[in-house]
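To start, the structure itself, in structure tokens.
The values are calculated or read from the model by the stated rules, or taken from the named source; none is laboratory data. What you see is a predicted model, and the numbers here were worked out from it, not measured in a lab. With ideal geometry, Cβ positions are generated from the backbone for all residues, glycine too; neighbour counts draw on all protein chains shown.
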There are 2 protein chains.
Amino acid sequence: MLRTNTCGELRISDINKTVTLCGWVQKSRDLGGMTFIDLRDRYGITQLAFNTDWDKGLCDQARALSREFVVQVTGTVIERESKNKNNPTGDIELKVSSIKVLNDAKTPPFTIEEDTDGGDELRMKYRYLDLRRSSVRKNLELRHRIAIETRNYLDKQDFLEVETPVLIKSTPEGARDFVVPSRMHSGQFYALPQSPQTFKQLLMVSGFDRYYQIVKCFRDEDLRADRQPEFTQIDCEMSFVEQEDILNTFEGLVKHLFKTVKGVDIPKLQRMTYADAMKYYGNDKPDTRFEMKFVELNSVVKGQNFKVFDDAELVVGICAKGAAEYTRKQLDELTEFVKRPQIGATGLVYARYNSDGTIKSSVDKFYNEEQLKTWATAFDAQPGDLMLILAGAKEKTQKALSELRLEMGSRLGLRDKNTFSCLWVIDFPLLEWNDGDPNLLASLAGRWHAKHHPFTSPKPEDIALLSTDPGAVRANAYDMVINGVEIGGGSIRIHNKDLQAQMFDILGFTKEEAQKQFGFLMNAFEYGAPPHGGLAFGFDRLCSLFGGSDSIRDFIAFPKNNAGRDMMIDSPSEISDEQLKELSIRTEIAKA
Amino acid sequence: MLRTNTCGELRISDINKTVTLCGWVQKSRDLGGMTFIDLRDRYGITQLAFNTDWDKGLCDQARALSREFVVQVTGTVIERESKNKNNPTGDIELKVSSIKVLNDAKTPPFTIEEDTDGGDELRMKYRYLDLRRSSVRKNLELRHRIAIETRNYLDKQDFLEVETPVLIKSTPEGARDFVVPSRMHSGQFYALPQSPQTFKQLLMVSGFDRYYQIVKCFRDEDLRADRQPEFTQIDCEMSFVEQEDILNTFEGLVKHLFKTVKGVDIPKLQRMTYADAMKYYGNDKPDTRFEMKFVELNSVVKGQNFKVFDDAELVVGICAKGAAEYTRKQLDELTEFVKRPQIGATGLVYARYNSDGTIKSSVDKFYNEEQLKTWATAFDAQPGDLMLILAGAKEKTQKALSELRLEMGSRLGLRDKNTFSCLWVIDFPLLEWNDGDPNLLASLAGRWHAKHHPFTSPKPEDIALLSTDPGAVRANAYDMVINGVEIGGGSIRIHNKDLQAQMFDILGFTKEEAQKQFGFLMNAFEYGAPPHGGLAFGFDRLCSLFGGSDSIRDFIAFPKNNAGRDMMIDSPSEISDEQLKELSIRTEIAKA
């Protein structure tokens, strides 16, 4: 080793030891006769001390070191005069006796500090320098720790990690596949997996009983903010289980992770039906760190000649505790918020329940105080509370109020990143109608689409509805939601080949298409498939949640930007004609 | 859970308990009034007992169950009359009180037994059934265990597992890349990584200090037997180290794996230079479970008018201990063996050192007994030994004798799968001349090619040779070899940008090509790159070695065949015109 110790480990007990350290020059300070350098590595920062009285030549050498030079230094550990309590090595410094420059460094395009001056694009291009910042590195250390603890928990529960193939077959029923032309089989393609779904089900048919994998998945989507074309899942499957067993097993995993990684005890997870989540939060991934549930007001407010309410399919509101004192300016901000195009409400009605017991609303023209009292009763509002109400078409209004609820939660400080509220949302609909989802092939529009995936089992009591009212069929499907983020989801699978065939039929597959794409799975089901189910966690998202960040990109070592481009290596890029020819393909670039 | 216990856990201490088991019908035996069924799951086999006297209806139900039906049974644990000592559950059986068929099963196309009647192709097509065989499942359980122990060891040594991207950039300097057309960037392509080489080096530039990953890699090769287009590596890198540190750290890993997974203590690994490996074993991955080293005979045998030897660049042999009694037929077999086209020797010379002290050779016409004694002295042969000698061009003869040595090792029982001999081969050549390797693009023929990869550092003392005799330059590169199999390899990297530029120059890259393909790495080296190095283990190969098998395919859940095809899912396959159009590509199939 080129060092005897790391830059993070020397303490007062090491005084008088001769040690060798390696690292990067974080910064240097020149104080007349003394020069101090902060030497950094992954493990910490150690102060190096030089003095013209001790060794003039060495001091000059030290002064010539610029930021980010890589050096090896040898010296004696001495006690510091002015100790730094914020640094674990702050009691000591190194009285250096020799320096060797291992590599020099150009001046970085941004400072390697916590408060860096680098913009997003610059930091993506020089990701290898951004990764030197300790906050970014700590995110990846956290990711490592979560992965190790996940594996240890699942290993103890008899899960086997099995690697499934990356070069598989295109099954365009879901989102778009990335494909890989085959050189050996001209005109044919592999596809990259959107998930190992079919393989993990085959492993259950094989009797593997409990499977998991921390695995890369791929989806060729029009990228939204904070989506990546390649992402990582904790993918799991179990045999001979019912939904209850899966919920308990993976509630256990999440509790284990919170306990071992964050030292937090999570209480038993509440369970909420999809229907209730939509009714009370307007959202299938409610942030339950705070209450502020939806209150439906149709029966309370209609018939008073206020056209906006009278014409609305749904009038629904929330009660913001203690917000009655909001100023006109704050209320205007909220109105602007809900009217933003991505939220799309036409206006906001509010009613202040003042601390003196009076109620004042933005629609006093239509509602007298007595009527407003009935609103307060419906909201269970107290003096000091603020009632916020939206009206319009049901789905759109629910969605808009959900956004307003989250905004109010943030404004009222109810969404602390160090508080964690976990729940299961259950009983999802089996199907949804595809009106032309841009992330699906155009040829799939105008038919039913599997909300989870085509292998999800309907609830037995709803199977009869499959032929009469497919949209009403509930699935044995569940999501784990933490702080308003969908962290994982899964389902009990269909293990009966006839029911699976019926599902493909409802999804608009001809028998031939189903056989061509999923024949191997349906055939496998003929040889003794056990009842089984599973789920997958979004690993990038889980890491960002644990790290208290909204951005998954901060938890991926080498992420791509929103256009799916790796700015650092400049990919995708053109390939040579020789490569194209060997692959029997030609590019056809549409004219601008 | 649909069961209270697994099929592997009930013991004599469970007698009288009422339990529920789930599993597959392995086989059933009908003995008049009694019926016995072996119920199988991942954990074991439990015998179910039925008796017409106990319950006629249930007995009839049991008799109707065919092989591979999936059932749930409830019953009482009872002591068996005739115990089966070969089965951990063999002391008990289940007196069944109810059966539920969870799924039926068609008759499998081959029997799910250790000695199956299924051929290779059939078992690949129905891989999900082949995986039910306990030997195949045990291979994957072993793989899981090795992965867990690898992670635990490296985690304790402060290595961080960091996921590197799968969608990267094509760098056709090595083997062929698999590429992925980009939909969002018409005419551009991602490539799948042949290894995370550049990314792990960037992580060292980032100060990650110790990195590892168990990671899928991809190589579009003309597949040889037992190669897979996608394969798994244990990929590692360390900073501020010298070769010695890497050898010690990963020797530690392999010792840990042997100890924890197989209960075997491995002695300190010997180190052998590449030059010695070639000289004494004719092979850079010598099987050192047995000696039988090469003995060069040029000075011993030449000048006796035996043209074959006189004209040969190299005359070299091995001494097979105790094989002097080999029959004429056995010796003819060996001659046929070395004359096979893939080995390519023109003939084999042998000399028996008989137990009576006489020596008889196949070239007695040219050499008298006294001369043959000098051979025996060269070989350090004893009475009872057999000397086997090949002659011809150096490289070809070494290769042929290496094969013969392995064959003799096998014949003499010196290659026991449960004996492990591990060593490091060091000081590999830096470069090799590419005469037209079919696994490289044709445009790369007729130039130097990096033997390890373009980032491998030359030995400092050989750097001067780079400009005068590139082929003689030795690298700081090393392979770990176990039982004649290359299990891992790596190198100390170049961390100096000028030396790296010189390497690209020698490899025939123009400055522009080097900048285009590796610019991000060379740029990174300008901002303070630490000395670093690493290695990668072939994880599939490591698992097969631990499992005592020559085939990696047995240790991959869903392998591809030698044509790179997944027989089960039938991939690669055609994709739709809609997909091709979105990707801006067209297939161009060459006419037959």
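For this structure, a couple of remarks:
- Any pair with Cβ under 8 angstrom, 6 or more apart, that starts in the stretch A:286-303 at a residue that is under 22 Å from A:L412 (Cβ atoms) and ends at one that is in a loop (DSSP other than H, G, I, E, B) and of a type in the set (G, A, S): A:P286/A:G484; A:D287/A:S421; A:D287/A:G484; A:T288/A:S421; A:T288/A:G484; A:R289/A:S421; A:R289/A:G484; A:F294/A:G282
- B:Q188 touching a strand residue (DSSP E or B) at 6+ places or on another chain (Cβ under 7 Å), free of Cβ contacts under 8 Å to residues at least 12 places away in the same chain and either surrounded by 23 or more Cβ atoms within 10 Å (Cβ to Cβ) or within 9 Å of another protein chain (Cβ to nearest Cβ) (or both): yes
- Candidate set: the stretch A:216-228, residues that are at pLDDT 95 or above and facing chain B (nearest Cβ under 9 Å); chosen: the one surrounded by the most Cβ atoms within 10 Å (Cβ to Cβ): A:F218
- Considering residues of the stretch B:389-425 that are assigned to a strand (DSSP E or B) and among the hydrophobic types (A, V, I, L, M, F, W, C) only, the residue surrounded by the fewest Cβ atoms within 10 Å (Cβ to Cβ): B:L423
- Members of the stretch B:1-17 that are among the acidic types (D, E) and either assigned to a loop (DSSP other than H, G, I, E, B) or at pLDDT below 95 (or both): B:E9
- Some residue of the stretch B:305-314 being under 15 Å from B:A378 (Cβ atoms) and either buried (at least 20 other Cβ atoms within 10 Å of the Cβ) or not charged (D, E, K, R) (or both): yes
- Boolean, B:T20 is part of a strand (DSSP E or B), touching a Phe, Trp or Tyr at 6+ places or on another chain (Cβ under 7 Å) and modelled with pLDDT of 95 or more: no
- Odd one out for B:G490, checked against (1) over 24 Å from the mean Cα position of the chain (by Cα); (2) closer than 25 Å to B:D540 by Cα: (1)
- Some residue of the stretch A:134-145 being at the interface with another protein chain (Cβ under 7 Å from one of its Cβ atoms) and among the small types (G, A, S): no
- Of the residues making up the stretch A:196-231, just one is of a type in the set (S, T, N, Q) and closer than 25 Å to B:I585 by Cβ, namely A:Q228.
- Residue in the stretch A:147-178 that is nearest to A:S544 (Cα to Cα), counting only those that are more than 7 Å from every other protein chain (Cβ to nearest Cβ) and of a type in the set (S, T, Y): A:T150
- Residue check for B:K200: among the basic types (K, R), surrounded by 23 or more Cβ atoms within 10 Å (Cβ to Cβ), within 14 Å of chain A (Cβ to nearest Cβ) and under 30 Å from B:P530 (Cβ atoms): yes
- Hey, A:S573 without any contact (Cβ under 8 Å) to a residue 60 or more places away in the chain, farther than 18 Å from A:R132 by Cα and surrounded by 18 or more Cβ atoms within 10 Å (Cβ to Cβ) or not: yes
- Restricting attention to the stretch A:531-548, the residues that are in a loop (DSSP other than H, G, I, E, B) and closer than 12 Å to A:L202 by Cβ add up to 0.
- If the condition is being touching a helix residue (DSSP H, G or I) at 6+ places or on another chain (Cβ under 8 Å) and either of a type in the set (D, E) or more than 8 Å from chain A (Cβ to nearest Cβ) (or both), then the stretch B:560-587 contributes B:N561, B:M567, B:D570, B:E578.
- Segments classed as helices (runs of 4 or more DSSP H), wholly inside the stretch B:119-229, with at least 2 members that are over 20 Å from the mean Cα position of the chain (by Cα) and in the same structural domain as B:A445 (by TED's automatic domain parsing): B:134-156, B:197-205
- Selected residue (criterion: nearest to the other protein chains (Cβ to nearest Cβ)) from residues of the stretch A:440-456 that are touching a Lys or Arg at 6+ places or on another chain (Cβ under 8 Å) and either hydrophobic (A, V, I, L, M, F, W, C) or surrounded by fewer than 17 Cβ atoms within 10 Å (Cβ to Cβ) (or both): A:L441
- Whenever a residue of the stretch A:236-247 is of a type in the set (G, A, S), its partners that are part of a strand (DSSP E or B), lying with C-beta atoms within less than 6 angstrom and at least six residues away or across chains, give the pairs A:S239/A:H532.
- Unique residue being under 30 Å from A:F231 (Cα atoms) and at pLDDT 95 or above when the list is B:R80, B:R143: B:R143
- The residues in the stretch B:471-502 that are crowded, with 20+ Cβ neighbours inside 10 Å, of a type in the set (D, E) and not in a strand (DSSP E or B) can be counted, and the count is 0.
- Screening the stretch A:96-109 for residues that are more than 11 Å from chain B (Cβ to nearest Cβ) and surrounded by 16 or more Cβ atoms within 10 Å (Cβ to Cβ) and picking the one that is farthest from B:R493 (Cα to Cα) gives A:V96.
- Test for A:R352: is it farther than 30 Å from A:A475 by Cβ, surrounded by 19 or more Cβ atoms within 10 Å (Cβ to Cβ), without any contact (Cβ under 8 Å) to a residue 60 or more places away in the chain and basic (K, R): yes
- The lone exception for A:V205 - which of (1) touching a strand residue (DSSP E or B) at 6+ places or on another chain (Cβ under 8 Å); (2) more than 7 Å from chain B (Cβ to nearest Cβ) it fails: (2)
- The stretch A:520-552, residues that are of a type in the set (D, E, K, R), free of Cβ contacts under 8 Å to residues at least 60 places away in the same chain and within 30 Å of B:I569 (Cα to Cα): A:E526
- Residue tally, condition in a loop (DSSP other than H, G, I, E, B) and out of contact with any strand residue (DSSP E or B) (no Cβ under 6 Å at 6 or more places or on another chain), over the stretch A:34-86: 14
- Of residues in the stretch A:66-95 being closer than 15 Å to A:C7 by Cβ and within 14 Å of chain B (Cβ to nearest Cβ), the one surrounded by the most Cβ atoms within 10 Å (Cβ to Cβ): A:V70
- So B:Y478, is it in contact (Cβ under 8 Å) with a residue 60 or more places away in the chain and at the interface with chain A (Cβ under 9 Å from one of its Cβ atoms): no
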